[in-house]
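S.K.: One structure coming up, written as structure tokens, with questions to follow.
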Amino acid sequence: MNVRGEVTDVGDVRSVSTQYGERDVLDVHVRPNEGSDDDVRPGDPEASVRVTLWGKWTETADYLDPGMELWVTDADEDEWNGETNYATSKQSYVVVEPDFLVDVTNIRSFVQCPRMYYLNKLSGLPLKYPVTKGTIVHEVFGDLLRGRSLDDAVAERVDDAGLELGLLGRDRDEVEADVRANAAAIEGWLKQGHFSSDGGTPDADLVGDAESDPAEDDWQAGDDWRSEYTLISETFGIKGRCDAIRRGMPVELKTGKNTNRDPRFHDKVQAACYALMLEDRGVDVDTGTLLYTKNAAVDRSEASGDLSPAKEFSISKGFLEFVVRERNHLAAIEARGDPPTGFEADAKCEYCFEQDTCMVVSGRLDQESKAGQLGTPIPGGERAYFRELYDAVEAERREVHDEYRKLWEQTPAERADDDRAVVDLEPAGREELPDGRWQLTATRPTAAASKIRQGDRVLASDGDPVKGTAEMARVETLSPDRVVVTADEPVDLRRLDVYPSELSVDRMLTALHDALLKGDERRKDVLFDRATPEFRDEDHAVIENNDAQNAAVNRSLNAEDFALVHGPPGTGKTYTIATLIREFVERGDRVLLAAFTNRAVDNALEALREQGYSDIVRVGTSNGIREDMQDLRLNQSGNPAECARALQTADVVAATTATCGSRVMREQEFDVVLVDEASQLTEPDTLAAINHGDRFVLVGDHEQLPPVVRSGGRLGTSLFERLVDTHPEAAVMLDQQYRMSQRIQAFSSESFYDGQLRPATGEVAGQTLADLGVETGGAVRDGVSFHDVPGTGDAHVDPAEAERVGDVVREYVDAGLDPADVGVIAPFRAQIAEIGRHVPEGVAVDTVDRFQGSSKEVIAVSFVATGSLDGPIFEDHRRVNVALTRAKKSLVLVGDERALRSEPLYDRMVDWATLG
Ligand code: SF4
């Protein structure tokens, strides 16, 4: 029987005499919710039931608070005095805050010390050789499991890590030898595993020769093996990727040595986490294996003890319960929001390799820590900022967890409707690739819209991504009738799911940590309003025909700290950025160009190239970078020294802000960092870029799309917006726009830019469809027009409105307009799909977010306005500003006039659009 719900009261632990002796008990009162079995839920939804926790589960009292959620599985039920109570049974697990998905690696570090878990969260994985080598060895392990030869695997994986190794000053041959020595343990153990069908611990004497080819030894990875297995447990609130599953049992690879007979305790904890997740899928797991690859590389004359790389251990129910309790403690600490002190557990600080870091972080943030504090605290305002932003990032993490939860809470149809899955695929072929991975093909029954795009990393599954077989895969092709993905294992391809990632929230925390604890003091003085930004008083005539652009370039070149360039739609931001970069480089500065999207980075590079500049290195994946910028892409594989030199010597390095937070980029330093789309970035995301430079320039428009955050709150305000408010003297607004006719720009200028925005030239102001050879008449009109289509009441799709949009757009095309010159903006994917059925081929139909930064000769906007003006386009007036400023010559608005007129801004908009 499952009892799940909000805790209303936590009693005291007491001891009672039982037939088994003295035992601890704890009474907890829970208000059962839908997660409970039906019989458990009382008629009154506010009523609570008593659940008695026995034995070690009573430790839960140390951290459980009213308001937290508790889940007790397999509870016993008993009646006493007419009241039904519940109690833990031998089979029970007690899970605190089950919706908080804890990563296995975090449970491992939490068991070492709760404060170490916190420190790891703040500082992220550094660029250090053991980390890079560990990644390579893990990849080689996967390759060997897929039957690849050791030589090929080592050569390719070391080659892939060329950039990191180069930045670490490592030589390829030396690394190959090191990896090979570690891989010998893996290969030897795999061979031994083949010879011994009972799965017994391999003997070190049987470890094979690292140079030999597995094929020659007749070794093949069979069906007993699965490499890199992605697991999520809804019961235990745990997720992670197991290195391998062998005959249903977890295998974890460690690139260290361990000459004890038993695996290390925290390594066992990690393997036990995977066992729990497998149990949640109905697999009975009783053994875990740890493979210490360095054992094979240890010289026998130098070490004593047990040198066998593989160490097995039995996984008891008691050990699994211990792991769940540790996970519970972590989840409860996160729910409370207080940083761990280290006193929660009994780790000894004097043996801790993080002791110095721990003391410094405690000292700087004035936090309590078992290790004590070192250094002077940062000012109170900074600490308050840290706390506020830290909490906001953690709130965002919970939103990401909600996305994970939808993997099992939503039906396949609901997920497809939500654009988060492509479902009902029919497997249509599989092909093994030369590197042992698989190319999987499936047919699609419909071309339904989804958020999944070519190049995305997704969860490919047999139809059930949580309880079935699922693999991380890369989408190679996504056409209306076909899907092709590549994956490590040959899944029966029936469904693709968007796989949420915590990477961006992890990087926000490290950016916050780097800015506040490692950042330059002067930088912090101006960021936290303790000093005003300073500017040199030099006059540069750089751009002659646009005063505002020239002023923006001057303000930026003269900035000793930072400058802000406010660029409304069509005002030549990209040209200004390119000019600015060229000017900085001419003055001897090394520049990092960053932007929220790959598209903005590549647009700026295109403009830079048009100005004749090309000493640029573009950092990113081949998939993310535009075709015509591929020649600038930094080759991250190959000769380490060459890869590193290319990055370290380029005058201009360009990357998205997400990439700026990577461990490779965290090591790079620049004179100036220029960030485009800065108003769409959260403060920590902006910090991830500007942490790399002495000075910075932010370019953006806080009257267009704000940062994309699910949790809202503090992260919804960009650093750009904050600094424009606090230091208007650092900002220059570009006020001449080169995009829209006078008639189209009027509403935006008036409503969002205090009437300051104006056409740059008479030609821009007076442009018409006739310039394109298109005759007006009927629905085809210059300027702005409005079509009233009474709403249907459906919040996501309006077929009548879609049909009207289709009719109008067809008139434009029939009048001679190229379909590629027309764009349609709609708020919902369902409406986008509906409109797609009505407009001629070649017309772009998409959301306002995807149109930001681009323009078309003609734009139609479908509002799908219901009475309450719900929907993403109405969430924020700035979204409407973006929608209304994409058109050059003709803007067509289609919506329910009555609904739109219910709010003052849209009432004025309809007035403007119907002026004639
Ligand atoms: S120094 Fe002490 S409190 Fe800090 S992480 Fe290490 S064991 Fe924990």
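The values are calculated or read from the model by the stated rules, or taken from the named source; none is laboratory data. Every value quoted in this text rests on a predicted model; they were computed, and no experiment measured them. Don't worry about glycine lacking a Cβ; one is built from the backbone with ideal geometry, like all the others, and counts go over all protein chains shown.
S.K.: Check ASP419 against each of (1) within 16 Å of the ligand (Cβ to nearest atom); (2) assigned to a loop (DSSP other than H, G, I, E, B); (3) of a type outside the set (Val, Ile, Thr) and name the one condition it does not meet.
M.R.: (1)
S.K.: Among the residues of the range 346-377, count how many are aliphatic (A, V, I, L, M) and more than 8 Å from the ligand (Cβ to nearest atom).
M.R.: First pass over the range 346-377, keeping only residues aliphatic (A, V, I, L, M): 347, 359-361, 365, 371, 374.
From what is left, the residues that are more than 8 Å from the ligand (Cβ to nearest atom) are 360-361, 365, 374.
Final tally of qualifying residues: 4.
Here's the yes/no breakdown for (1) crowded, with 21+ Cβ neighbours inside 10 Å; (2) over 21 Å from ARG850 (Cβ atoms):
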residue: ALA650; (1), (2): no, yes
residue: VAL653; (1), (2): yes, yes
residue: VAL672; (1), (2): yes, yes
residue: SER679; (1), (2): yes, no
residue: PRO684; (1), (2): yes, yes
residue: PRO707; (1), (2): yes, no
residue: THR717; (1), (2): no, yes
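S.K.: Test ALA384 against the criterion of being closer than 23 Å to ARG714 by Cα, in a helix (DSSP H, G or I), free of Cβ contacts under 8 Å to residues at least 40 places away in the same chain and more than 16 Å from the ligand (Cβ to nearest atom), and give yes or no. Spell out how you get there, then give the answer.
M.R.: On the way: closer than 23 Å to ARG714 by Cα: yes; in a helix (DSSP H, G or I): yes; free of Cβ contacts under 8 Å to residues at least 40 places away in the same chain: yes; more than 16 Å from the ligand (Cβ to nearest atom): yes.
Judged against the criteria, ALA384 is a match.
S.K.: Those residues that are more than 16 Å from the ligand (Cβ to nearest atom) and of a type in the set (D, E, K, R), I need them from the range 321-339; list them, please. Walk me through how you get there before you give the answer.
M.R.: In the first step, residues of the range 321-339 are kept if they are more than 16 Å from the ligand (Cβ to nearest atom); the result is 321-325, 327-328, 331-332, 334-337.
Hits for the range 321-339 are GLU321, ARG325, ARG327, GLU334, ARG336.
S.K.: Still on this structure, I have one more. Just name the residue that is surrounded by the most Cβ atoms within 10 Å (Cβ to Cβ) out of those in the range 358-381 that are among the aliphatic types (A, V, I, L, M) and in a helix (DSSP H, G or I).
M.R.: The extreme case among them is VAL361.
S.K.: Sort out which residues of the range 571-627 are assigned to a helix (DSSP H, G or I), under 16 Å from VAL653 (Cβ atoms) and without any contact (Cβ under 8 Å) to a residue 60 or more places away in the chain, and write them in order of number.
M.R.: Result: ALA578, ARG582, ASN598, ASP602, LEU605, LEU608, ARG609.
S.K.: When you check GLU252 against the structure, is it within 21 Å of ASP435 (Cβ to Cβ), buried (at least 17 other Cβ atoms within 10 Å of the Cβ), modelled with pLDDT of 70 or more and in contact with a helix residue (DSSP H, G or I) (Cβ under 8 Å, 6 or more places away or on another chain), yes or no? Spell out the reasoning first.
M.R.: On the way: within 21 Å of ASP435 (Cβ to Cβ): no; buried (at least 17 other Cβ atoms within 10 Å of the Cβ): yes; modelled with pLDDT of 70 or more: yes; in contact with a helix residue (DSSP H, G or I) (Cβ under 8 Å, 6 or more places away or on another chain): yes.
Criteria not met by GLU252.
S.K.: Considering the range 744-782 alone, what residues qualify as being among the charged types (D, E, K, R) and surrounded by 15 or more Cβ atoms within 10 Å (Cβ to Cβ)?
M.R.: If the condition is that a residue be among the charged types (D, E, K, R) and surrounded by 15 or more Cβ atoms within 10 Å (Cβ to Cβ), then ARG758, ARG781, ASP782 are the ones that fit.
S.K.: Take SER314 and tell me if it is polar (S, T, N, Q) and more than 16 Å from the ligand (Cβ to nearest atom). If you could, list the steps in order and put the result at the bottom.
M.R.: On the way: polar (S, T, N, Q): yes; more than 16 Å from the ligand (Cβ to nearest atom): yes.
It is true that SER314 is polar (S, T, N, Q) and more than 16 Å from the ligand (Cβ to nearest atom).
S.K.: Suppose we keep only residues that are in a helix (DSSP H, G or I) and surrounded by 18 or more Cβ atoms within 10 Å (Cβ to Cβ) within the range 859-877. Which one would you say is nearest to the chain's Cα centre (by Cα)?
M.R.: This residue is ILE873.
S.K.: Condition first: of a type in the set (Gly, Ala, Ser) and under 21 Å from GLU476 (Cβ atoms). Now tell me which residues in the range 593-636 satisfy that. Before you say what the answer is, go through the steps one by one.
M.R.: Start the filter on the range 593-636 by keeping residues that are of a type in the set (Gly, Ala, Ser), which leaves 594-595, 600, 604, 607, 612, 614, 620, 622, 624.
Hits for the range 593-636 are GLY620, SER622, GLY624.
Quick grid of which residues meet (1) outside any helix (DSSP H, G or I); (2) touching a strand residue (DSSP E or B) at 6+ places or on another chain (Cβ under 8 Å); (3) not assigned by the TED database to the domain that holds PHE863:
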residue: PRO790; (1), (2), (3): yes, no, no
residue: ALA802; (1), (2), (3): no, yes, no
residue: VAL808; (1), (2), (3): no, yes, no
residue: TYR812; (1), (2), (3): no, yes, no
residue: VAL824; (1), (2), (3): yes, yes, no
residue: PRO827; (1), (2), (3): yes, yes, no
residue: GLU834; (1), (2), (3): no, no, no
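S.K.: Here are ASP488, ASP497: which of them is modelled with pLDDT of 90 or more, acidic (Asp, Glu), under 22 Å from the mean Cα position of the chain (by Cα) and not assigned by the TED database to the domain that holds ARG663? Step through it out loud before you land on a result.
M.R.: Numbers: ASP488 fails: modelled with pLDDT of 90 or more.
None of the others qualify; the one that does is ASP497.
S.K.: Considering the range 879-909 alone, what residues qualify as being in a helix (DSSP H, G or I) and surrounded by fewer than 17 Cβ atoms within 10 Å (Cβ to Cβ)?
M.R.: ARG898, PRO904, LEU905, ASP907, ARG908
S.K.: Can you name every residue in the range 777-804 that is closer than 17 Å to LYS856 by Cβ and not charged (D, E, K, R)?
M.R.: If the condition is that a residue be closer than 17 Å to LYS856 by Cβ and not charged (D, E, K, R), then ALA779, VAL780, GLY783, VAL784, SER785 are the ones that fit.
S.K.: Output the number of residues of the range 113-125 satisfying the condition of being part of a helix (DSSP H, G or I) and either near the ligand (Cβ under 10 Å from one of its atoms) or within 21 Å of VAL323 (Cβ to Cβ) (or both). Even if it seems obvious, please write down each step before you answer.
M.R.: So the first thing to find is which residues in the range 113-125 are part of a helix (DSSP H, G or I), and the list is 114-123.
Subsequent filtering for residues that are either near the ligand (Cβ under 10 Å from one of its atoms) or within 21 Å of VAL323 (Cβ to Cβ) (or both) retains 114-121.
Number satisfying all stated conditions: 8.
S.K.: Which is hydrophobic (A, V, I, L, M, F, W, C) and crowded, with 21+ Cβ neighbours inside 10 Å, of VAL483, VAL400, VAL475? Explain how you work it out, then say what you get.
M.R.: Numbers: VAL400 fails: crowded, with 21+ Cβ neighbours inside 10 Å; VAL475 fails: crowded, with 21+ Cβ neighbours inside 10 Å.
Of the residues listed, the single one that is hydrophobic (A, V, I, L, M, F, W, C) and crowded, with 21+ Cβ neighbours inside 10 Å is VAL483.
S.K.: Now for a separate question. Given the criteria free of Cβ contacts under 8 Å to residues at least 12 places away in the same chain and at negative phi, does ARG850 qualify?
M.R.: When the stated conditions are applied, ARG850 passes them.
S.K.: Shifting gears a bit: Could you grab the pairs with beta carbons closer than 7 Å, sequence gap of 6+ or different chains, first residue in the range 92-112 and of a type in the set (Val, Ile, Thr) and in a helix (DSSP H, G or I), second one at pLDDT below 95 and within 16 Å of the ligand (Cβ to nearest atom)?
M.R.: VAL111/HIS266
S.K.: Given ALA75, ALA61, which one is surrounded by fewer than 20 Cβ atoms within 10 Å (Cβ to Cβ), of a type in the set (A, V, I, L, M) and at negative phi?
M.R.: Answer to the selection: ALA61.
S.K.: Quick one: in the range 78-112, which of the residues that are of a type in the set (D, E, K, R) and buried (at least 19 other Cβ atoms within 10 Å of the Cβ) is farthest from the ligand (Cβ to nearest atom)?
M.R.: GLU97
S.K.: Next question. Pairs under 8 Å by beta carbon, first residue within 23 Å of LEU516 (Cβ to Cβ) and in contact (Cβ under 8 Å) with a residue 24 or more places away in the chain in the range 347-363, partner near the ligand (Cβ under 7 Å from one of its atoms) and hydroxyl-bearing (Ser, Thr, Tyr), six or more apart or different chains?
M.R.: Within 8 Å, the pairs are CYS358/SER369; VAL361/SER369.
S.K.: Has the range 58-73 got any residue that is part of a strand (DSSP E or B), assigned by the TED database to the domain that holds ARG23, away from the ligand (no atom under 16 Å from the Cβ) and of a type in the set (D, E, K, R)?
M.R.: yes
S.K.: Using the structure shown, decide if GLY342 is buried (at least 19 other Cβ atoms within 10 Å of the Cβ), within 14 Å of the ligand (Cβ to nearest atom) and among the small types (Gly, Ala, Ser).
M.R.: yes
S.K.: I'd like to check something: does the range 462-470 contain any residue that is among the aliphatic types (A, V, I, L, M), more than 18 Å from the chain's Cα centre (by Cα) and at pLDDT below 95?
M.R.: yes
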